[in-house]
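Beneath this line is the structure, given in structure tokens, with notes to follow.
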Amino acid sequence: MEAPQQTRHALRIVICPNCSLTLRGAVLLFAALCLVCFTLAGLLALRGMWPILPFAGLEMLLVGWALHASLVRQHRAQIITLTESDVSVESHDRANCLRTVFPRHWAQVKLRRPASPLHPSRLTIESHGRQCELGSFLTEEERYGLAFRLQRLIGRINESPPLALGRK
């Protein structure tokens, strides 16, 4: 989670997942894993255990898919912009940008507990029957911190504290 950026009349909070794996690192990791896996599978196939080859290929296919999913995740980001009148959320991924605007005076920040201990909580901003989920890629601790901060900045329904109070 990045620190907020303040412009002249707005407060911006940029949140994005922590993805430290680069494309070069992923390619090197995948190449090393393929080399080890197919070398061992080839040696075992030469000893008559040929059925291991399709399983080695399937295993590397799954590793490749997981690395691809990890690399795609690094392009996700959400930008929350607070002004005296509006709260806007821009959700970015590699191909799309979705912008949702709520009137700040009527917006509510809700943190819903998970239905099961295995599921994450859900942080949303809601107003007039519309909602936008925030920080689905954040850890529980980061999500709780963001919820607390947004509740202070946005206030309750019919209550809009001055943005100057939220500045540090």
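No value in this document is a laboratory result; all are computed from the given coordinates. Treat the numbers as computed from the prediction; the structure is a model and nothing was measured. Neighbour counts run over all protein chains shown; Cβ positions are idealised from the backbone, glycine included.
Per DSSP H run of n ≥ 4, the term is -39500 (n - 2.57); total these for the chain, divide by its residue number, and report the mean residue ellipticity at 222 nm rounded to 500 deg cm²/dmol. Provide the component values of the computation, followed by the final result.
On the way: 3 runs with 61 residues, N = 168.
After summing the helix terms and dividing by the residues of the chain, the value is -12500 deg cm²/dmol.
Label R99 and L29 with points 7 Å out from Cα along Cα→Cβ: what is the distance between them in nm?
Output for this residue pair reads 3.5 nm.
Could you order the peptides 18-24, 126-132 from most to least packed, using the average number of other C-beta atoms within 10 Å per residue? Walk me through the numbers on the way to the answer.
Working: 18-24: 10.6, 126-132: 13.9.
Those peptides, ordered most packed to least, come out 126-132, 18-24.
Simple spin-label model, 7 Å along Cα-to-Cβ: A69 to S20 in nm?
Reported label-point gap for A69 and S20 is 2.2 nm.
Could you state the angle between the C-alpha long axis of helix 52-73 and the longest principal axis of the C-alpha atoms of the chain, as a value from 0 to 90 degrees rounded to the nearest 10?
Approximately 20 degrees, to the nearest 10.
Of A31, S127, L46, which is farthest on the positive side of the dipole of the chain, counting Cα position, with +1 on Lys and Arg Cβ, -1 on Asp and Glu Cβ, and the Cα centre as origin?
Farthest towards the positive end: S127.
Can you give the convex hull volume of the alpha carbon atoms of region 23-73 per residue, in Å³? Spell out each step's value before the answer.
On the way: hull volume 2.1 nm³, N = 51.
In region 23-73, the Cα hull volume divided by residue count equals 42 Å³.
Run the numbers on region 23-73 and let me know its relative contact order in percent, using alpha-carbon pairs under 8 Å that are six or more apart. All intermediate terms of the calculation are to be shown ahead of the outcome.
On the way: 20 pairs, mean separation 19.4, N = 51.
The value is 38 percent.
Give me D for the chain in µm² s⁻¹, whole number, from Stokes-Einstein with Rh from the Kirkwood sum over alpha-carbon pairs, 37 °C and 0.692 mPa s. Mind dumping the intermediate values first?
Working: Rh = 19.0 Å.
Calculated translational D: 173 µm²/s.
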